[in-house]
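Worksheet for the structure shown next.
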Amino acid sequence: MNNKNKLLVLSFCTLALAGLAQTASASGYTQTRYPIVLTHGMLGFDSLLGVDYWYGIPAALRRDGAQVYVTEVSQLNTSELRGEELLAQVEEIVALSGQPKVNLIGHSHGGPTIRYVAAVRPDLVASVTSVGAPHKGSDVADLIRQIPEGSAGEAFVAGLTNAMGALINFLSGSSSTAPQDSLGSLESLNSEGAARFNAKYPQGIPTSECGEGAYQVNGVRYYSWSGTSPLTNPLDISDAMMGAGALAFDEANDGLVGRCSSHLGMVIRDNYRMNHLDEVNQVFGLTSLFETDPLSVYRQHANRLKTAGL
Ligand code: CA
């Protein structure tokens, strides 16, 4: 081989190595030590007629190394019952992945659900992250709860909501056989029910009205983030619903959950320009053009967990 050819081969090798190094660093960005487990909120699903609840989020996390599991629990039920369902799935994931723990991320009612698992089995949980979760209740649930108990109005709301839950359960091909219990679900999401739940499972809950909670309890790290912009994208038809929900509040909120109610453990940010559905990149990725892409927020968080050794 002449010198010119040697130089060419050497240059090629250097370029290839540089390329490999770049790929390796890029591919490790979301590579957490423990798998990431996503848990949906009220009326949630893993996939409905082929549309993912966590729109594009598992793929965005997996692209650079995270192992991601999407779980499904009852659409409508109490935090404890949903928590028991999730715990069984976490036990399966631990057995499948070969890792002793998981990083739990829960949206909306998924927040109290993952807190339950971390409270009863901290040995299986590396971290708990809630996104737009009503830890101190939702003013929307409080408003619905003001419908007199046992009245025709209550029966109507319960019947309608249960039917929606059953329909989603059917359309998503869910294997969950737990009954829909919309009153149980509302009970968990109004401020009185949330206060009772927090008294039993206080881990990571701020003791002040709008502060941060403990960053670590029983070896589990706690994090949260949320949005405060009910209307973010004129092309998204769900914005009208978020705008209507916002009317129930007299404080900053994402259309369903107030800013302070979303606080858990380390508050990463509580005022993203996002509504309750933008927080899971819905609908179809239609979110604010003037805010960080929700997918980037999840990727940054995976990197945060990785950096913390989780
Ligand atoms: Ca949206």
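The values are calculated or read from the model by the stated rules, or taken from the named source; none is laboratory data. What you are looking at is a predicted structure, and each value in this text was computed from that prediction instead of being measured. With ideal geometry, Cβ positions are generated from the backbone for all residues, glycine too; neighbour counts draw on all protein chains shown. The protein model used for the area step is the full one, side chains on, heavy atoms only, and it has no ligands, DNA or RNA in it. Shrake-Rupley method; radii C 1.70, N 1.55, O 1.52, S 1.80 Å.
If each residue of separation counts as 0.36 nm, what is the full-extension length gain between ALA308 and ALA195 once their alpha-carbon separation is subtracted?
37.6 nm
Using a simple spin-label model with points 7 Å from Cα along the Cα→Cβ vector, what separation in nm is obtained for THR207 and LEU143?
Inter-label distance under the simple model: 3.4 nm.
Mind computing the radius of gyration and Dmax over the alpha-carbon atoms of the range 29-307? Å is fine for both.
When restricted to Cα atoms, the range 29-307 yields Rg and Dmax of 17.2, 53 Å.
By the scheme Lys and Arg +1, Asp and Glu -1, what is the net charge of all other residues having a beta-carbon under 14 Å from that of ASP139? Working shown, then result.
Numbers: positive: LYS136, ARG145, ARG259; negative: ASP142, GLU192, ASP250, GLU251, ASP254.
Net of charged neighbours comes to -2.
Per-residue counts of other Cβ atoms within 10 Å, averaged by peptide: what ranking do you get for 283-295, 75-87, highest first?
Details: 283-295: 16.8, 75-87: 23.8.
So the peptides 283-295, 75-87, ranked by packing, come out 75-87, 283-295.
Could you give the size of the charge dipole of the range 29-307 about its Cα centre, using +1 on the Cβ of each K and R and -1 on the Cβ of each D and E, expressed in debye and rounded to the nearest 20?
Details: 18 positive and 29 negative charges, 204 e Å.
With Lys and Arg at +1 and Asp and Glu at -1, about 980 debye.
Run the paramagnetic zone check for ILE268: 7 angstrom along Cα to Cβ, then residues of the range 206-226 with backbone nitrogen under 11 Å.
Zone members listed by number: 223-226.
For the range 29-307, what is the accessible area per residue in Å² when the probe is 1.4 Å? Walk me through the numbers before you get to the answer.
Numbers: 11470 Å² over 279 residues.
Value returned for the range 29-307: 41 Å² of accessible area per residue.
How charged is the neighbourhood of HIS263? Take every other residue with its Cβ under 14 Å from the Cβ of HIS263, and add Lys/Arg as +1 and Asp/Glu as -1. Don't jump to the answer; show the numbers that get you there.
Details: positive: ARG115, LYS136, ARG259, ARG269; negative: GLU209, GLU212, GLU251, ASP254, ASP270.
Taking every Cβ under 14 Å from that of HIS263, the sum is -1.
Within 14 Å, Cβ to Cβ, of SER130, how many net charges do the neighbouring residues add up to if Lys/Arg are +1 and Asp/Glu are -1?
Working: positive: ARG82, ARG115, LYS136, ARG221, ARG259, ARG269; negative: GLU212, ASP254, ASP270, GLU279.
Net charge around SER130: +2.
On a C-alpha basis, how far is the centre of the range 76-136 from the centre of the range 227-305 in Å? Whole number, if you could?
Comparing the Cα centres of the range 76-136 and the range 227-305, I get a distance of 21 Å.
Taking all protein chains as present, what is the carbon and sulfur share of the accessible area of the range 29-307, in % to the nearest whole number, probe 1.4 Å?
On the way: 6620 of 11470 Å².
Here it works out to 58 percent.
Label LEU231 and LEU289 with points 7 Å out from Cα along Cα→Cβ: what is the distance between them in nm?
Each label point lies 7 Å from its Cα, and together they span 1.7 nm.
From the square roots a ≥ b ≥ c of the eigenvalues of the alpha-carbon gyration tensor of the range 182-310, which class results: rounded (a/c under 1.5), prolate (a/b over b/c), or oblate?
On the way: a/c = 2.11, a/b = 1.18, b/c = 1.78.
In terms of gyration-tensor shape, oblate.
FRET efficiency for ALA244 and ALA88, Cβ-Cβ distance as r, R0 = 45 Å, nearest 0.05?
Values: r = 36 Å, r/R0 = 0.80.
Result of the calculation: an efficiency of 0.80.
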